[in-house]
Structure formats: C-alpha cells, structure tokens
1. Straight-line reach from B:K247: which aspartates and glutamates have a Cα under 15 Å away, not including same-chain ones fewer than 8 places off?
2. With +1 on the Cβ of every Lys and Arg and -1 on the Cβ of every Asp and Glu, and nothing else charged, how large is the dipole of chain B about its Cα centre, in debye rounded to the nearest 20?
3. Please state the shape class of region A:55-184: rounded when a/c is under 1.5, otherwise prolate if a/b exceeds b/c and oblate if not, all from the C-alpha gyration tensor.
4. What's the buried accessible area, both sides, between C and A using a 1.4 Å probe, rounded to 100 Å²?
5. Starting from the exponent 0.38 and prefactor 2.2 Å, build the expected Rg for region C:246-339 from its residue count and divide its actual Cα Rg by it.
6. How far, in degrees from 0 to 90, does helix B:288-306 lean away from the longest principal axis of the Cα atoms of chain B, to the nearest 10?
7. How shielded is A:117-127 by partner chains, expressed as the average number of their Cβ atoms within 10 Å of its Cβ atoms?
8. Tell me, what does the Kirkwood hydrodynamic radius of the protein assembly as shown come to in angstroms if you use every pair of distinct C-alpha atoms?
Amino acid sequence: MPGFDAVIGFLYQFGDAAAFLVLCASGLAIIFGMMGVINLAHGEFIMGGAYTTVTVAKLGVPLPLAVLCGALAAGAAGMVLERLVIRHLYGRPLDTIVATWGVSLIASQGTLILLGPSLSDISTPLGSVEIGALSYSVYRFVLMGVAAAILLGLYVLFNFTRFGVLARATIQVPHMAETLGVDTRLIYSLTFGIGAALAGATGGLYAPTMTLVPTMGVQFITEAFVTVVVGGGDVFLGTAPAGIVLGFIKSGMTTWEGQLAGQIGLLVAVILVIRVLPRGISGLMLRERA
Amino acid sequence: MALLMPMAAHAADPIKLGVLEDQSGDFALATIGKVHGIQLATDEINAAGGIAGRKLDLVIYDTQSDNTRYQEFMRRVLQRDKVDAVFAGFSSASREAYRPIVDQLNGLAFYNNQYEGGVCDAHMIVTGAVPEQQFSTLIPWMMEKFGKKIYTIAADYNFGQISAEWVRNIVKQNGGEMVGEEFIPLGVSQFSSTIQNIQKAKPDILMTLLVGTAQSSYYEQANAANLHVPMGSSVNVGQAYEHKRFKPPSLANMYVTTNWIEEVDNPASKAFVARWHAKFPNEPYINQEAENSYLAVYLYKEMVERAKGSTKRDDLRAVIAKGDVCFDAPEGKVCIDPKSQHMSHTIYLAKVNDDHSISFPKVWPDVKPYWLGDSGCDLTKKNPNAQYTPSNPPPKS
Amino acid sequence: MRFLRRLEGPQTLGRGPGFWGIAALAVALAAAYPLLTDAYTVGNTIYFFDWVFMALGLCLIWGYGGALSFGQTAFFGLSGYAYGVVTLDFGADHGLTLVATLLAVAASALFAAVLGYFLFFGRIGGVFLGIVTLAVTLVFERFMAQTAGPEWHVGAARLNGFNGMSGMPPLTVPWPGDDLVLSPDVPLYYVTLALLVVTYLGLRLLVNSSFGNVIVAIRENPHRATMLGYDVRKYQLATFVIGSALAGLSGVLYTSWGQYITPSSMGLTAAALPIIWVAVGGRGDLTTTLVGTLLLLGAFQFLTIYGSQYALVAMGLLLVVTVLLTPDGLVTALFRLPRRLGRRRPRAADAVDPGREAA
C-alpha cells in the first residue's frame, strides 16, 4: 500500500520535525519570551547537556536518568551564568547578544581544550519498527512524546504552581512583585535555570542520535530562534503551535523538493509570519483574547 | 625594508615553512593531526641534519575554521614571515580563499587534503587523493560485489556535488543505474526524510558523501531506523575516524577508499604509527590527511635537495617537471604528476566490520591522478590558475 | 561654511580644536604609516579598513536609529557577489571595476529599500527586526552555498557554491598609459583611507543635520516623533538604506581585496561580528564605532596569532567583561574618561523589552 506508507511516512517526518523544533525552542522561548534575554549561548547549553548525558550514560546509568543529569547540569550552569553575567544586563536585551555570544565562544572552545575535538557516542536505544514497507526508529517516537510532555509540564508549572504564579507576576510587573515580598532575583535566576535545563534536556535527548562535538550547539540554534520568533513571546501559546506549523512546512517542503527547500522554506516562513504577525502566534492569540 | 633583506639566504639560515590549519572551530577534529604530522616530519628531518644543511623552521597559525583567517594569515606568512612554502587548508572553501593570495604574492602552497579535484594551479601542490583515484577503484569493485543500483547522498556543496558527478559517470560507464541522488545542506543534522527516501528506492549500494560533524549524525539515525545498505564513501573513516567515534554497528558494512589510515598493516606504516605515538601519545587517531601532511614535508625536502638547495618555486617546478619526484611514504611509494601537481597514491579499500574494526579486502598500488592531465591541464606548459570539474573541463586548445 | 559646522554637534562626541587636532594627527599618522611599515601590515590594515564601513553603517542604523539589524552581512555578500559577477562578465578595463563598485553598492541600496519597506512599513521593530534580518542573511547564505553546480552562473561568472567565487580582478583606476591596479598595496591603502575619512565626515554631517536629529528623536521616542509630524517609517527606511549601502561598500572592498567572496561571509558568525564591533566600541557614536571596530579587529587577530587555542576563549571573555563594565561601549568609556565632569549624554535607550511587550 504505497499510499498508506506515504501518509505514515509523512506523519512520522512531520512529528519528528515538530518535536525537534519544540525541544530546541522551549528553553530559548522561556529565556527570551519571559525575560527578554537573547541567549546566543543556548546551543552551548544543549551541547553541555549532551556531553553530560553521554558521560553519565557511559558509567552505566540508564538513559532517562542520564538525560535528567544532563538537564540538571545545564540548569545549574544556567543559574551560575545568570548570577555572574545576565543579572547585570536586564533591561539591556541587545547587550545580552554580545555577552552570551562571548559565553558561547568560551564554552565551545573551552570544551575543545578540555575534552578534545569529539566525544565517542552512545547508540540509539529501542531499535526500529516496521510499518508497511518502511522502518522507523522507535526512539524518534519517544522524542515526539517527550516534546509533548515537556510542553504540558511547563504549562502546569507556570500556571498551577506557586512558583509559576510568582514567576509570571515578577515578569509582568517586577517592582510590584518585589513590593509584595517576592524574591525577584531568585525568580529570575530560577527561570533562567529552567530555560537552561530544558536546553540541557534537549541535548541529552538528541545525544544518542548525533555526533558529539564542541560546536554541535550551532546545529540547533537557527531552528530554535526561528520557532521562538514565529511563536512569539509566550511559551505555551506560541511555541507549540509554532513547532507544529513550522514542522509541517519543513517536512512538507523537504518531502516535496528535498532538504534545501525544507531549510529555506523555514526561513522564508519566518519572514512572512513576522510581516503578518509581528508578535508571533502568541501575540495574535493574546490580542484576540483581550 | 626590502633593501635590508639579503639577496640570497645564507646556507645556515633555516628554511621556513608556514602552516595554516584549523586547530579550533568546526574542523579541528580532523586537522589537529595535520599539524602534528608536519611537526613530526620536521623533527625527523632536523634530527637528520635538515634539508641541504639547513634546518626547518615552522611558523604555525590557527585559522579557526574561518575562511577570512586564511586570507589574513596567508598574507602574513608570505609577506611578513617570508616563508619558503606554506602547508595550508582543510576545507575546499579555505583553499579557494587563500589561492588568489598565493597567486598574487607568487608563493608555493601545499594542500594536503583529499578533495573534489580539479585545481590546475602552478602555485599549488596537492598531496591528497582526488575522486578519480578513489571512485574508479571503489565503485566497480562494489558494483561487482553488491549489485548495480546506486543511491547517492551528498553534502550540498562543491565537494559533494562534484563527487556525486564522478559517481554518476563511473556508475554509467560500468552499466549501473542511479536510483536516487539527494543533496543535503551543510549543517543539517536530522535525516528522517532522507532515510525514508532511501528505503523507498531500495538501492544495492548507498554512496555517502556527507561532510562535517552535523551530517555525520546520519549513520546513527539510519542504523536506528534499521537501514542497512552497503555503503561506499570517499570521505568517511579516513578523515574523521567515525568508526572509532561512533558506537558499532552504525558504520558497519561501509567501504572506503583511502590512501592511508592508522590501521594499514605494513612495516613502514606500523613504524610510522609508533614514531607518531612516541611524539604525540594522546593522539586519538592518525588520519589520512595527517599522513598526507607528513609526506608533503618529505616531498618538499626531496624537491629542494634535487634543486641543489634552492627553495625558489621555479627551481622546484623544474624538478617536478622531470616527473620522478617520489617518496616512500607510510602508504607506499607516492610521486608528483608534473601536469597537475597532484600525487599518485596507493589506494586501500577499507571495510568497516560489525565491531567497527577495519579490514582491507583490496589494495590498488600506484593509482595516478589522471583526470586533469588527460583533460588538458598541463602546468609544465601553461598555468590557468583555475579549478575544473568534469562538467566544466579545461578549455581544449 | 555653515554646512561644515555640522561636523560637530549634539549627536557626535568630539568637538573643538582639541578633537580635530587629534583627528588630523590620526589621519596624518595613518597617511605616513605605509612608509614606516612592511607590505604585510599595509595589506592587513586595508583589510581592517574594509570592515569599518559596514560597522559605521550599522552604527547609523542601530546606534542612531535604534533599529538593530542582525543581517548587514546580507548586503555585504550581495554587493560582493555583484562585484564579482559584473567584473567577471565585463572585465576590468577602462575603469569598469569602479562602475562595478557603484552597481554593486546600488544593488545593496535597492535591496535594502525593498526589504526596509516591508520591515518599517510593517512596523516591525525591536528584537524582531533583528531576527528577520538575520533570517534574510541566513537564506542568502544557504542559497549561495548550494550553487556549486555548473547551472548556477550569471554570464561567464560561476557562483561556485560554498567554495566561493574567486578570480575577480582587484579595483583599477583608469590612468594615462596603463590602468592603475589597486592590489593590496600602498595605492589601495590611500584610496581606502580616503574613502574612510570621507565616509566618516559625511556621516558626521548627516547625523548632526536635521535628518540626524529626527532619527535620534525616533530612537528616543517614536511616538513623540510621530506626534511632532515626522513620518517615522520614511526616516527609518532612509537610515536603513544608507547603512546597508555602506555594508555593500564593505563587501565590494573585501571582495576586491582578497579576490574572493564566499557564502560564509553571510553566515551566523559573520553576521554577529559587526554587532559585536559596534557594541563593544560604543554604538552611540561614529567615532567610538570607528575606533572600536579597528581595535577589536586588531585585538582578535593578535589573540589568534599569539593566543594559540586560547584565542577564542580570550575573545569571549573580552566581550563579556566589556559589556558588563562599560555599558555604552569600551571606547565611549575611554572617551569620557578625561572629561568625567563634563556634560553627560543620556544613555541610548534600548529597544522595547519584547517579553514585557507580549505579556
């Protein structure tokens, strides 16, 4: 049944592309959308998460736990970075470009000096499954599930927990939150840490499928920025629909005309979306709601 | 300032060699070993008394995988450091970036890298292997063994496109059929759609001409999707030692033609690896470009000595024009072809086994870089300073 | 002469005989420099000068106009390729390279006008402007990178994909007898230096004119500027076109200097560099941008030569520390040092915080 195969094949590619975009972008979206910080070191947090995950997994720790370690390590690094550098740059979002670019240079070259030009990898778990005439990597289905779970988790975290309420209060009217006794510095620090931890988790999740090199973060960053811009400032209202729309465009264009068309289609989509919706998808939704 | 320079270098002055390689950035993985190869050869030559009584002196810059750094430092080594020859470049883009400067300043550069072929430039000596050496051996052998349906995935830039053109031509000459051809932009790391396309086309042989660390994620992803077609490549294993870095069996059943890798099993090669590890004990892998860089220094020595100690480019080229500048390298005997200033090589067919060990089912000695010379590039007569491709050959005169 | 009084004013640092004395001395030193140094340094200094035009253009767009363009390299690359195509197709005789230069810069200006029309008349601002322009330069890079095949050519000029286009002639000036070929040597040095001085002075005149006052007013408060009756979009568009034409000029000069242009000149790393030069130097002023760009280019090259593998780490540290310690830029801070007690300019307001905007 070639028709059936084609449909399943396309759905798989679409899910795969959307999961990649959502995972790439969620950490960046929190840091950029909620704090106004443009984090060019996002890719290096992903790299850090991947390196930690692989190192821990090689010690015999099961992969899910290893990914968690990667996320925690990246999150801790993120909080340290926030404390040392980012904290001094709130209100100067454009200067964060320069500072985080500097951090990214230090992180990738530092990794090269300390750990050498590459790390031997671990293989993709779970094997493959045959559907129709084609076979698929099972791990890719897991990635799609994890992407959905992470979005759901963030939604719960920021909407139904005390931390979430305080964080949103701090981000909307910082001085008011402070007057009410919220430790806003801690909130900023934690929010940045969560963003970094998500990047680390992304790195950990993709680590078994990729080559581990100090510059691997660059492979994520364009897609991450594209998704965040199309999604707009709000992680929950924006990132998920943006991932789905862009995933559809990318996999559609790739199936139709090859990988280059997929890549260029993605970038052209951004330009068009911004022309129509300068504040991204979430901007549109918020306007409708208001 | 020029007046202060002595007209001819004293015999005791060292011969200066410039080295421009990417010791940081994207390409560092494959190129740090190239610098080590040059250092090892230099130490050995100096310990044995130098070249024509003169010591070798290296001027090394880190080009950071950045084309503009090649432009800056090529000027610097030629104009400021006044080196006698330069050993430079990993990516073809970096070579094309510095080539106009070498031509402009009348220098001599060695490009010690396997590449897409076609550079016909009197200022350049290429010690790496070229497509006709790697594909005219690999593809007929694989077609005989596995079948005649070929699918190519290649990096979407000059190396990939030109190599794919070679594959296409050689497949056709041998009565095979191309069942698919896909070009992947550099930096793409997600391959689900490519893997599906290959599965649908059901080829007997998959040629993987992927480049860069992002694209090398393909193998693990294909393996996870249970795609196990015999693979052929001119670029994997020999350059970025994927068989050592990737978990088996993602590269299993891959066949690569290379002019040398660490596993090559002959006495000269074993001794070379031992010397290397004595000097650089932490080297993760010695790749073919490292050996190319090593043998380039010895070729330079051979040329200078035969030119009676002169390091002038014209004198060296007069030596090359005789057609018998050779060196017994770790891979076997290599010689410079005077028409194209490329090298003949021993080509090893490396097979990656299930546990990622390497075996060599076949060896072709003394494979010549015939294409440029046959199609009209003759540097002994004319210097066009150009790069040609099979679909854009030298103009027939 | 009233016109020349605009060389100094509220929008530029540096005034009075002291400043102009130092400036004249700097130009004199720069003019004498080739006599004191070797051919390498001359060629290398030209290369540094080549980038400054793009930095000055970005300073105008971002520092004065308040619109961060992350994609100036798109114009750099467009003009570089345009120069290559025109010269490879029509040759270099009879001063054709100068015509090619004009055409290439005009191509950038035209493209900037079209793109800017969509951006500014679509009211895109702040960080989003940066990301759209970045997407544009990345599209250019990816597109050019896949033009390796022989089918991609304009006339006789092969685009040649990721490996880049090479073989275009250097700039030439028609000269009685034989054309003067400006390969990277002393004559090209003086031509580039003269261009740089003229551009710098021209931009000073521009930003101190009423046009300059309006674009600064827009940066400080676009709503107020609109209320005062200015069409904000037209002023922003004009600034963008001028700044992008300068990026194009940089592209032409770079391409003719190295006889080479590559898609990676439009990639992410390349696109970030002008922002870093301008931010570290001090984006609020032309002089600090000029000095800062040259200092950073020199410092990065120095680190690469002497810092071995630590060069990139040191560069990163330099950027982080500079941003933390001198919010208005390193050179701006140095500039203010001698006259701390003097008048303080208000800090350049940053673009609106997008997070807050969306919330």
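The values are calculated or read from the model by the stated rules, or taken from the named source; none is laboratory data. Note that the structure is predicted; figures quoted are calculated from it, not measured. Please note: Cβ atoms are built from the backbone with ideal geometry, for glycine as well, and neighbour counts cover all protein chains shown. Just the protein is used for accessible areas: all its heavy atoms, side chains included, with ligands, DNA and RNA removed. Shrake-Rupley method; radii C 1.70, N 1.55, O 1.52, S 1.80 Å.
1. List returned: A:D121, B:E220, B:D354, B:D355.
2. Numbers: 39 positive and 45 negative charges, 125 e Å.
Charge dipole of chain B: 600 debye, to the nearest 20.
3. Oblate is the answer for region A:55-184, as a/c is 1.5 or above yet b/c matches or exceeds a/b.
4. Summed over both sides, the interface buries about 4300 Å².
5. For region C:246-339, the normalised Cα radius of gyration comes out at 1.17.
6. The helix B:288-306 is inclined about 30 degrees to chain B.
7. Rounded to a whole number, the mean comes out at 6.
8. 30.0 Å
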